[in-house]
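Structure first, then comments.
Throughout, read-outs are computed from the coordinates displayed, never taken from laboratory work. Just so we're clear, the structure is a prediction, and the values are computed from it rather than from any experiment. Neighbour counts run over all protein chains shown; Cβ positions are idealised from the backbone, glycine included.
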Amino acid sequence: MRWTWQALGTTVELVTQEETADAGEVFTAVGRKLADYERLLSRFIPDSDVSRLNAHAGAWTPVAPATMEVLLLAESAYQATCGLFDPCLGAVLEQLGYDRDFATLHTAPAGAPYRAPCEDAHTLKPPRPVAPSSCHPLSIRPEAGCARMEPGYKLDLGGIAKGWIVERIAEDLEDAGFRAFVVSAGGDMVCRGGPWHVGVEHPFVPGSCIASWTAADVAVATSGTYRRRWRAGGRPVHHLIDPRTGQPSSTDVIACTVVHPSLVQAEVLAKAAVLLGSNAAPAWLAAPAAPGWEPAIGWFIVRQDGTTIASRTPA
């Protein structure tokens, strides 16, 4: 059985090997849950919690418990990556033109390496250096159920929100009695039961696989600079912003796929690996230096020149 929804700025897909009498009701509930979470966590919906935090920068703003949970995860990810994962780069993305749903942007060809602009080609707000959480533009009061953004910054929960939502959907399916299924949002997925055959998309040949994994009871996430690309200031740009420069990442890594027990952690590890580059990424993926953060079970990196490295040989 296969169900799909358009949500979270991508295609959400559910595939299961099981068929139950109430499957239709369960999958209808999944669609409602996706819409509810998107209304809280999208920066493109004007009355979402994220949009309200951005609109009322400088003020403490109440947020829903689900939003608070994702904010706390984002704070943990910021600490775990020493600032490489930064949820406060929404203003930089907007200045680059990513200020509306990606489907409406003037996209650039996939796969071509990003090149940093000349100094006079495009001007952005000077980047904020990576700093400890006490200086972070996002402040959180979990006990009061509210958060605050510093003026001049905007929240973008992006991939971490998507990963968290997919995990919640997987939990709901397990509670409904499903034991063998895959929930995928744009290729980032939770696999239950199995084994499942999971392909790694080829960054330079859309629609084909460059590798594949056999996955069972794990999560798989891919972060890359080859998909969400558009043109700004006459040049192609992408959505993976390096907080150390305030510019789209220009390392030698075009994509990293991570297999991990947690989809949220897989998302964060994969993004940090792209920003670190292929020399530093393997050590980071093997031993993230933060309490509560587990190393990747497996990973696969594609460089800008088309060469690959992996933790182990994919299936």
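What residue among 45, 29, 302 has its Cα farthest toward the positive end of the dipole of the chain, where the charges are +1 on Lys, Arg and -1 on Asp, Glu, each on the Cβ?
In the chain, that residue is 302.
Roughly how many debye, to the nearest 20, is the charge dipole of the chain about its Cα centre, given +1 on each Lys and Arg Cβ, -1 on each Asp and Glu Cβ, and no other charges?
On the way: 26 positive and 33 negative charges, 187 e Å.
It comes to approximately 900 debye.
Give the residue from 186, 84, 197 lying farthest towards the positive end of the charge dipole for the range 2-310; charges sit on Cβ (+1 for Lys and Arg, -1 for Asp and Glu) and the dipole is referred to the Cα centre.
Going by the Cα projections, it comes out as 84.
Determine the sum of side-chain charges near residue 167: Lys and Arg each +1, Asp and Glu each -1, restricted to other residues whose C-beta is under 14 angstrom from that of residue 167.
Local net charge: -4.
Grab the DSSP H runs of the chain that are 4 residues or longer, score each as -39,500 (n - 2.57), total them, divide by all residues and round the 222 nm result to the nearest 500 deg cm²/dmol.
The helix contribution divided over the chain gives -8500 deg cm²/dmol.
Can you put 169, 45 in order, fewest other beta carbons within 10 Å first?
Values: 169 22, 45 14.
With the fewest neighbours first, 169, 45 line up as 45, 169.
In nm, to one decimal, how far is the residue 27 label point from the residue 287 one, both placed 7 Å along Cα→Cβ?
4.6 nm
Can you find, among 234, 265, 254, the residue sitting farthest towards the positive end of the charge dipole of the range 2-310, where Lys and Arg contribute +1 and Asp and Glu -1 at Cβ?
Comparing the listed Cα positions along the dipole, 234 ranks first.
Neighbour counts of other C-beta atoms within 10 Å: give me 305, 252, 188, 36 arranged from fewest to most.
With the fewest neighbours first, 305, 252, 188, 36 line up as 305, 36, 252, 188.
Rounded, prolate or oblate, given the Cα gyration tensor of the range 179-299, with a/c below 1.5 counting as rounded? Walk me through the intermediate numbers first.
Values: a/c = 2.14, a/b = 1.36, b/c = 1.57.
Since a/c reaches 1.5 but b/c is at least a/b, the shape of the range 179-299 is classed as oblate.
Check residue 212: other-chain or 5+ apart residues with amide H under 5 Å from its amide H, H built from backbone geometry?
200, 315
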